[in-house]
Every structure is written in structure tokens, then in C-alpha cells.
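Note sheet for the following structure.
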Amino acid sequence: MVLVAPRPLFRPAPPGDATADRGTGAEVLALLRGDAAARPRFDPGLAGGLRAWLEDAAYDVVAARGEHAPPLFLGPRQLLSPHDEQGGPGHDWVAGDRGDRSAGAATDHRGDGATDRVLLSRLVQALFRQLVHTGEVHDPLADALEALRATGDEATVRRAESLPEGARAVLAETLAVHARNLSGLVPRFAPGWMARTNDRVAIPLGGGRIVLHGMFDLVVGLPQPRTASLCAVGLSSDGPWAVARRSLHYLSLLETLRSGTPPFRLALLESASGRYGVEDVREEHLRAIASHIAAWLERASAGPTNAHG
Amino acid sequence: MHMDNRLMDALVEPVSAVDPASWRAALDEAKSKLAGLAVRRAGATRFRVTDHEVRTAFRSDTDDAVHDDPFAWTALTARRPIGVAAVRLLVAGAARSPLEAVRSRLAESGRWVRDGSSSASQLDRWVESLSPAGRAAVGAEAVTWATRLWCALDWSMFAVPPVVGRDHWWDSPHSALLALRGRADVRTADAHLVVLSGPRRGSVRAELALVTLVESLRLRGDDRPGRVVGWWPDSGHLVRVEPEPAALTLGAEAVELAIGGAGTPLRSAA
């Protein structure tokens with residue numbers, strides 16, 4: 001657990017040792033608040049420079065695929081997968097996913113393990129939103145299913161409800177552990193923090209032929225022009241931690257492209273263990289992730305599937 | 001998401017001048033086209049042209065994500081009506097944060113339904129039918145929608161408080177069967193802001209031109225409506241449709257296409 005690199009702000013609890021009574025939510029809140037007078041000001045030209053870099057890389061992909069190819073939606077799953085370290089387009093890169101967690105059918109082709117992880121992830125995500133907005137969870141599995149039903153994610157609800165009794169009991173127990181950890185981890189935000197969950201970001205490149213997208217699990221803070229004033233909180237239900245951390249950097253890049261400034265601070269909460277970490281966003285994070293995406297796009301433009309839409 | 005200077009500029013900048021004769025001619029032509037469409041639809045069922053119909057009419061067979069599922073209330077479909085109600089409370093100073101405003105609106109749903117109020121809508125009844133966890137999910141979605149809009153604008157810059165979330169209808173004087181809806185989320189003295197979702201699409205200018213058309217038809221004489229500004233919170237991208245003759249033409253053509261695409265054989269019926 002090294003999210004707090006390069007400058008640790010807080011040492012996380014040992015794995016499996018963080019529980020609700022440790023008051024970690026208050027600690028996370030204090031760390032997110034930080035010193036309001038020391039909010040970083042980013043170079044106003046940073047966003048333009050990063051965009052130009054990505055636009056150059058996107059141009060080659062658009063040229064290779066043809067101008068009339070359908071838009072290419074790229075999210076963290078495509079761009080940051082640990083199984084795709086080469087960064088090139090896999091067999092499903094064209095299909096993409098739009099970061100919509102309600103698209104339950106999108107993962108039906110996966111193996112049981114992956115499907116179970118996706119199912120758990122969606123349930124945990126629902127509980128996280130509930131905790132942020134109400135501060136309480138009563139029956140984790142029932143609450144999560146009710147929340148998903150209200151969001152129209154019937155596929156996930158059906159998947160959970162069709163599990164054999166034993167598997168469902170295991171799911172309920174697992175989810176209860178996540179809920180207990182989250183109850184301790186999730187800060188109680190005053191309304192003035194403007195906490196909003198599932199804040200989607202979509203950045204078109206190449207005239208909209210390529211769309212970089214993602215979703216902040218939670219954003220807090222009041223926006224201020226030219227000053228990084230927002231905090232982003234990510235939720236990881238099953239890791240890997242490094243990938244979740246990188247996803248936050250990726251989202252910070254998208255926020256920079258959207259608004260001109262990144263969030264100034266990130267927190268990552270791991271619901272399975274109760275661990276968390278907090279770090280400042282730095283320009284080198286943004287440049288590193290932009291470099292990764294540019295390299296990915298360069299490989300994609302040269303790859304065998306680049307002409308397919 | 002941030003207080004968006006470009007968005008504010010788009011809402012407060014004065015619209016450019018247009019030759020009055022050109023405007024009047026385009027408006028007359030649009031009215032004539034709509035009258036013809038209304039007559040052609042005589043005997044048909046009532047047809048309401050909204051941004052949804054325009055978007056659907058422009059969609060090609062090759063577009064992905066084509067879903068024609070019947071409408072159902074979900075957190076996603078409810079976020080805008082609850083969100084605009086929340087922003088309205090914020091503008092009026094009746095709530096201090098989007099979270100408080102959304103909670104207030106959801107509580108209102110419960111009161112109206114329990115009291116049998118005539119104000120209770122289908123949405124209110126659906127919200128009240130949900131479990132607390134379901135309502136929390138609906139509220140969370142609406143809070144995000146409302147916060148993005150609330151934080152994107154400098155509300156103090158408007159001399160008159162904007163009207164939030166009021167759709168405008170135009171009913172054809174030639175047929176009770178044809179009506180047009182112009183949807184805007186924030187209306188100021190000089191502009192109409194439409195919060196957009198989904199991917200950028202070829203139909204968006206036509207969707208926004210429908211707002212221009214409806215506003216123009218509702219105004220008396222040859223007055224021009226304000227600019228229509230489409231805004232994607234996901235990307236911060238803006239689309240501006242100026243109140244120019246071309247916008248009226250585009251809006252009327254969009255209506256024609258929407259009605260044609262709704263199953264009425266325009267040419268044979270004419």
C-alpha cells in the first residue's frame with residue numbers, strides 16, 4: 001500500500017486491521033482538508049500542453065482508423081489494465097466501455113471469478129454512495145440491491161438474486177465486511193463540502209473520434225478558477241492498489257483537461273481491508289499518465305486492429 | 001467541474017444583430033412549414049416533438065447504443081427533474097447546498113404522496129415507493145447533477161434570478177395534435193442553457209435549434225429569443241446556437257424529420 005508516495009501524508013492501518021471504531025473517516029477528512037492556504041496553483045498552460053500532446057497521438061489513431069470510423073471510447077479498463085502493460089489495443093479495445101457501471105451485461109462474457117468481482121464491485125459502489133449521502137447502511141446486501149434496482153441496473157440485481165443460497169450467503173458476508181470497513185473509512189461530509197458521487201468525465205480528442213472517459217467515485221470541494229481546489233476520492237473493492245491509484249491519476253488528468261486544473265488531493269479507500277492513502281496531485285503524475293496514454297495511442301495506431309471500427 | 005467562465009460568457013454575451021427582414025422571412029417560412037405538418041397529421045394521434053424525438057430522428061441505423069426501451073423512472077431519468085427542483089431551491093436561497101436541496105425535494109415527494117396532494121406527480125409516487133436505500137441512490141444521482149450545474153455558474157452575475165428547469169411548449173394553432181417542447185435547464189434574460197448528456201452527436205444543433213424555434217414561436221411579433229447554449233458537464237464542451245434565421249430553418253426541418261420518422265408518410269399524406 002503505497003498510495004501516499006511520493007510524500008506520505010499518513011500511514012495506513014495494517015491490512016485487515018482497520019475497523020469502524022478507529023475513526024479513520026475523520027482522519028481521511030482532516031487529510032483531505034489540509035491547509036486551505038496552501039492550495040497549489042497550476043500553470044495555466046498545463047492543460048493546453050497536455051491536450052496538445054494527446055491530440056497529436058490521437059491524430060495518428062484517427063488517421064489509421066479512418067475519419068468515418070465510430071468513436072473510440074477508452075476508459076481506465078482499456079488504458080490501465082495490468083494485463084496490458086504493452087499498452088496496445090486488446091481484442092475488445094474498439095468496443096470499449098463507457099464507464100457506466102449500470103451496464104451489467106458488458107461483463108457477462110467474463111469468467112466466473114471476474115464476474116464475481118464485478119458484481120461485488122458494483123454492490124460495494126452502491127453502499128459507498130449511500131454512506132456518502134446518508135452516513136448509514138442497514139442491511140448491506142439488501143441496501144445495495146435496492147440501490148442498484150433504483151438505478152436501473154437490473155442485470156446486476158438479477159445476477160445477485162440468482163446466486164445459489166450458499167453463494168449468496170458468502171456474498172452477503174463479504175459485503176458486510178466491506179460495508180463495515182467503509183463505515184469507518186468514509187468521512188462524514190458537511191453539506192458545504194459539496195460531495196458528489198459518480199462524477200463522470202469524458203474528454204473528446206480528434207474531433208470526438210476518440211473519447212477518454214472515466215468516473216470519479218467521489219469529488220468534494222468548491223471549485224475555484226485557476227486554483228486546484230477539489231479533492232477526489234477513489235474506491236477500490238478488490239485492487240490491485242497500484243491500478244486503482246493510477247486510475248485516480250488518470251481521472252486527475254481528465255479533470256485537468258475538462259476544467260484546466262486537477263484536483264489538488266486524492267484519497268484511495270480500500271473497502272476489503274480498510275486501508276487508505278492520501279496524496280497530493282503533482283504535475284509529474286499528470287505528465288506520466290499523459291505519456292502512458294500517448295504511447296498507448298501510438299501503439300494503437302500501428303496495431304493490427306486499428307482499421308476496425 | 002468548475003465555475004466555467006466560457007459558459008458564463010456564453011450566457012451573458014449579447015447576441016449579434018440580424019437583418020430583421022431575414023429573421024421575419026425565416027420565421028414565416030418555419031410557421032408555414034409547421035402549419036403544413038399539422039394539416040398532414042389531421043386524424044393522426046397527438047404528437048409531441050421534443051429533443052428526444054429530434055435526437056431519435058437524426059440517429060442513423062449504424063449508431064451504437066440504440067435503445068428504444070419504454071420510459072421508466074430510474075435514478076438516471078429522475079436526476080434532472082429532482083436536480084432542477086434542487087437548484088431552484090438554491091437560487092431562491094431556500095437551501096444552502098445541493099445535498100440539502102435534494103433532501104428537501106425528496107421529502108416533499110413523500111409529503112405530497114402521503115397527503116394525497118394534487119401536486120404529487122408520477123415521479124413523486126415512484127420516489128415514495130422506494131426503500132430508503134433506493135431513495136438514497138436516487139438522491140445521490142440528483143445531488144451530482146445539481147452540484148455540477150450549481151457550481152458551474154456564477155449566479156450572482158445575473159441581474160434577474162434565472163428561471164430554472166421550466167420547459168416551454170408551443171401548441172400548433174392549426175392542429176391540437178401537434179405540439180413542440182423546448183427544454184432548457186436555466187433561462188436568463190438573454191440565453192437558454194441546456195444541460196446535455198451522452199456523447200457528442202450530429203443532432204445536437206438541431207436539438208438546440210428546436211429550443212430556438214419554440215421560443216421564437218412563443219414571442220410576439222418579430223422579437224428574437226436569446227442564444228441557446230448546450231453544455232456537457234462531462235467534458236465542459238459548449239455548443240452555441242445563435243438566434244439567426246438558419247436556426248429557425250434547422251429547427252423546422254428537425255420537426256419535419258421527427259414527424260416523418262414517427263411513422264407518418266409525409267409525402268403520401270400531403
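Where a number appears in this text, it was derived from the coordinates with a stated rule and is not lab data. For clarity, every value in this text was computed on a predicted model and none was experimentally measured. FYI the Cβ positions are ideal-geometry reconstructions off the backbone, even for glycines, and counts take in every protein chain you see.
Table for the structure above
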{"quantity": "Hits in the stretch A:213-231 - residues which are of a type outside the set (S, T, N, Q), within 11 Å of chain B (Cβ to nearest Cβ) and more than 20 Å from A:R117 (Cα to Cα)", "calculated": "A:H213, A:L218, A:V219, A:V220, A:G221, A:L222, A:P223, A:P225, A:R226, A:A228, A:L230"}
{"quantity": "Any chance A:E161 is charged (D, E, K, R), farther than 30 Å from A:L222 by Cβ and surrounded by fewer than 16 Cβ atoms within 10 Å (Cβ to Cβ)", "calculated": "yes"}
{"quantity": "Wholly within the stretch B:151-219, strands (runs of 3 or more DSSP E) carrying at least 3 residues that are within 16 Å of B:L7 (Cβ to Cβ)", "calculated": "B:191-195"}
{"quantity": "Restricting the stretch A:180-214 to residues that are outside any helix (DSSP H, G or I) and among the basic types (K, R), the residue that is surrounded by the most Cβ atoms within 10 Å (Cβ to Cβ)", "calculated": "A:R196"}
{"quantity": "Residue within the stretch B:104-117 that is closer than 27 Å to B:S197 by Cα, outside any loop (DSSP other than H, G, I, E, B), of a type in the set (D, E, K, R) and within 13 Å of another protein chain (Cβ to nearest Cβ) present", "calculated": "no"}
{"quantity": "Among the candidates A:L286, A:L253, A:L297, residue that is part of a helix (DSSP H, G or I) and within 14 Å of chain B (Cβ to nearest Cβ)", "calculated": "A:L253"}
{"quantity": "Residue count for the stretch B:118-148, restricted to those that are surrounded by fewer than 16 Cβ atoms within 10 Å (Cβ to Cβ) and either at the interface with chain A (Cβ under 10 Å from one of its Cβ atoms) or in a helix (DSSP H, G or I) (or both)", "calculated": "4"}
{"quantity": "Any hit, the stretch A:128-135, residues being more than 22 Å from the chain's Cα centre (by Cα) and either more than 10 Å from every other protein chain (Cβ to nearest Cβ) or surrounded by fewer than 17 Cβ atoms within 10 Å (Cβ to Cβ) (or both)", "calculated": "no"}
{"quantity": "Qualifying residue in the stretch A:164-177 (condition: within 14 Å of another protein chain (Cβ to nearest Cβ), of a type outside the set (D, E, K, R) and surrounded by 17 or more Cβ atoms within 10 Å (Cβ to Cβ))", "calculated": "yes"}
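Matching residues to (1) of a type in the set (G, A, S); (2) in contact (Cβ under 8 Å) with a residue 12 or more places away in the chain:
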residue: A:L123; (1), (2): no, yes
residue: A:L145; (1), (2): no, yes
residue: A:T156; (1), (2): no, yes
residue: A:L163; (1), (2): no, no
residue: A:G184; (1), (2): yes, yes
residue: A:G206; (1), (2): yes, yes
residue: A:R209; (1), (2): no, yes
residue: A:V219; (1), (2): no, yes
